[in-house]
1. Taking only pairs six or more apart or across chains, which ones have beta-carbon atoms under 7 Å, a first residue in the range 7-31 that is on the phi > 0 side of the Ramachandran plot and in contact (Cβ under 8 Å) with a residue 40 or more places away in the chain, and a second residue that is outside any strand (DSSP E or B) and crowded, with 16+ Cβ neighbours inside 10 Å?
2. Taking interchain pairs and intrachain pairs at least six residues apart, which have beta carbon atoms under 9 angstrom, with the first residue in the range 68-89 and surrounded by fewer than 12 Cβ atoms within 10 Å (Cβ to Cβ) and the second at pLDDT 95 or above?
3. Check 119, 114 and return the single one that is surrounded by fewer than 18 Cβ atoms within 10 Å (Cβ to Cβ), more than 28 Å from residue 5 (Cβ to Cβ), at pLDDT below 95 and touching a helix residue (DSSP H, G or I) at 6+ places or on another chain (Cβ under 7 Å).
4. Does residue 10 qualify as being closer than 16 Å to residue 95 by Cα, out of contact with any strand residue (DSSP E or B) (no Cβ under 7 Å at 6 or more places or on another chain), at pLDDT below 95 and surrounded by 10 or more Cβ atoms within 10 Å (Cβ to Cβ)?
5. Please give the number of the condition residue 62 fails out of (1) modelled with pLDDT of 90 or more; (2) surrounded by 15 or more Cβ atoms within 10 Å (Cβ to Cβ); (3) not in a helix (DSSP H, G or I).
6. Limited to the range 28-58, what total is found for residues that are in contact with a strand residue (DSSP E or B) (Cβ under 9 Å, 6 or more places away or on another chain), surrounded by 15 or more Cβ atoms within 10 Å (Cβ to Cβ) and not in a strand (DSSP E or B)?
7. So residue 137 fits all but one of (1) outside any strand (DSSP E or B); (2) at pLDDT 95 or above; what number is the exception?
8. State which residue is modelled with the highest pLDDT when the search covers only the range 72-111 and only residues that are under 14 Å from residue 51 (Cα atoms) and assigned to a loop (DSSP other than H, G, I, E, B).
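The values are calculated or read from the model by the stated rules, or taken from the named source; none is laboratory data. From a predicted model like this one, the values you see are computed outputs, not experimental measurements. Cβ atoms come from the backbone with ideal geometry, glycine included; neighbour counts cover every protein chain shown.
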């Protein structure tokens, strides 16, 4: 079996229309992104929301995307989505950490919307700061 180029990401599908969510396989784990396609701008998409799906009944990527499609709060805000499935040996805690990191980065974007800005990744806030002075602590 050939070695994978990526340690975390097994497969991906990008910029599918919301209506295509039903075609996703069940029970897959990973990170997903909801986008708003910009009309008349060609292949330009604004990130609306970054989320994740863990293992377990009713928790897969397909379930999460379909839930957002039915959500009163989000259903009219997004048009497309991408999914990044993780390998089986990636723990759920690692998926949570990836999502937290992406949200942490995205929340400081001046164009970020309220759906992502409201949440922070508390575990990342507790990570020690890198000492840039060259002195060990």
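1. 30/61; 30/95
2. Here the result reads 88/29, each pair linking the range 68-89 to a residue that is at pLDDT 95 or above.
3. Values: 114 fails: touching a helix residue (DSSP H, G or I) at 6+ places or on another chain (Cβ under 7 Å).
Testing whether each residue is surrounded by fewer than 18 Cβ atoms within 10 Å (Cβ to Cβ), more than 28 Å from residue 5 (Cβ to Cβ), at pLDDT below 95 and touching a helix residue (DSSP H, G or I) at 6+ places or on another chain (Cβ under 7 Å) leaves just 119.
4. Values: closer than 16 Å to residue 95 by Cα: yes; out of contact with any strand residue (DSSP E or B) (no Cβ under 7 Å at 6 or more places or on another chain): no; at pLDDT below 95: yes; surrounded by 10 or more Cβ atoms within 10 Å (Cβ to Cβ): yes.
So residue 10 does not fit the description; no.
5. Only one criterion in (1) modelled with pLDDT of 90 or more; (2) surrounded by 15 or more Cβ atoms within 10 Å (Cβ to Cβ); (3) not in a helix (DSSP H, G or I) is unmet by residue 62, namely (3).
6. Number of matching residues: 2.
7. Here residue 137 clears every test but (2).
8. My answer is 78.
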